[in-house]
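Worksheet for the structure shown next.
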Amino acid sequence: MFRKVHLYLTMLCAGITAAILVVMSLLYLYLSEKGLYENQYHSFQNDISTIATSLEQQSVISMEWLSKMEARGGYTFYVLDNGIPFLYNQLINLSDSSETRVLLDSCLKTYKNDFEYTFIEEELNSGGRYNTCFHAEFPFNPNGKPHEFYAGVIELGKENSSLQMVVLSPLDFLEKQIFVQRIHFLAIDLAAIFLLTLFSFFFTGKLLEPIIESRKKQTAFVAAASHELRTPLAVILSAAECCRDADEERRIKFLDTIKQEGEVLTSLVNDMLSLSASDSQNLSIHPVPTELDTLLIDAYEAFEPLASQKKLSLTVSLPENYLPPCTADKERIFQLLSILLHNAISYTPEGGRIELSLQHRKSRFYLSVSDTGIGILPEDRKKIFDRFYRVEKSRSAKGHFGLGLSVASEIVKLHHGTITVAERSGGGSIFIVMLPT
């Protein structure tokens, strides 16, 4: 299931980013190509103006000058003197039947249809220059395709004679430049889409890791809870069945067993409900100013009889100086201390010592529960707060289900504190809880 979700999320993430990339690339190409054509057109207009000015100032047009101007701008010139092809064009075989002549006629026809021009009569000056000059530039597409030529027509008049010059600027080189630019963008976009797909696959995988881990924990939690519930339920059903044929004395023992296992089930269910409320963020606290030293004394008095019964020494250590109140939930902190003390008593052999202490340093309270018990290996300390994890692998020993420390950890988190476990000097373990003032 998660594999399909991973693939769907990868396709969605990569698809959206690829679509945005393609749209932005197309927009950039459109603006870039439009700018290239406009710049080329403006450059062509400036060149036509320069050529017209040069022609206007010359009394004799040399073929050498025409050749240099053509080579300079990559243009093609057609010059007509009173409608007759100039000698320069005759040298390149401009004839009435050639394709070049057809192209010229088509350009002049477009020019005459789209532009109206008049010649302004002026008197000849002493230099004998042309006394009228007009030029026009326009896109010229004889085959109906976009961006074939830019065309310019220059009209020069002199009393009874006229000179026409048609300048064609083929756009093949610009089309090739745009085509190469498109190929480059296509290659870049394909490479970017490939890299985005890899990144999306990795990124969505990282996003799904907490969900997959949570699903695994949930599955393990249900399996472990089912296992834990099965044992006391089996004992209860077996004891209930035995009650039918048992005498009064044995029936009382069976009923005591049922009650004991029922209390075990109640403790397990309460812990599971607390963790479930924490997962759904419904585990709430009601912090009020709390005197932690008084709370530690209450916990000591509650567990001292149980410690004496197991022949354990339980002591409490409190600072002599005045302690400020701590903003905390009294019931939750007492539950936290109960969990730690119950574990210490359960895993400390007879004759051992358990110490409950409180310290206050730098606006922080430090609660600690130390014991001289079996201790916790370093590799187990990282997992000790996981649900249903126990150093002792027996599933029913000492009535522990591996949920107490998980509940304790959630309580500490709700109080914005920390809980750690370390090896006690001389053997055993010490749990330290830090709570902010």
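The values are calculated or read from the model by the stated rules, or taken from the named source; none is laboratory data. From a predicted model like this one, the values you see are computed outputs, not experimental measurements. For neighbour counting, all protein chains shown are included, and Cβ atoms are generated from backbone atoms with ideal geometry for every residue, glycine included.
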Which of (1) under 24 Å from V222 (Cα atoms); (2) part of a helix (DSSP H, G or I); (3) hydrophobic (A, V, I, L, M, F, W, C); (4) at pLDDT below 85 does L283 not meet, given it meets every other one?
(2)
When both residues are 6+ apart or on different chains and their Cβ atoms are under 9 Å apart, which pairs have a first residue that lies in segment 287-298 and is closer than 14 Å to L337 by Cα, and a second that is assigned to a helix (DSSP H, G or I)?
L292/I333; L295/K330; L295/I333; L295/F334; L295/L337; L296/L337; D298/F334; D298/L337
Yes or no: segment 38-46 includes at least one residue that is out of contact with any Phe, Trp or Tyr (no Cβ under 7 Å at 6 or more places or on another chain) and aromatic (F, W, Y).
no
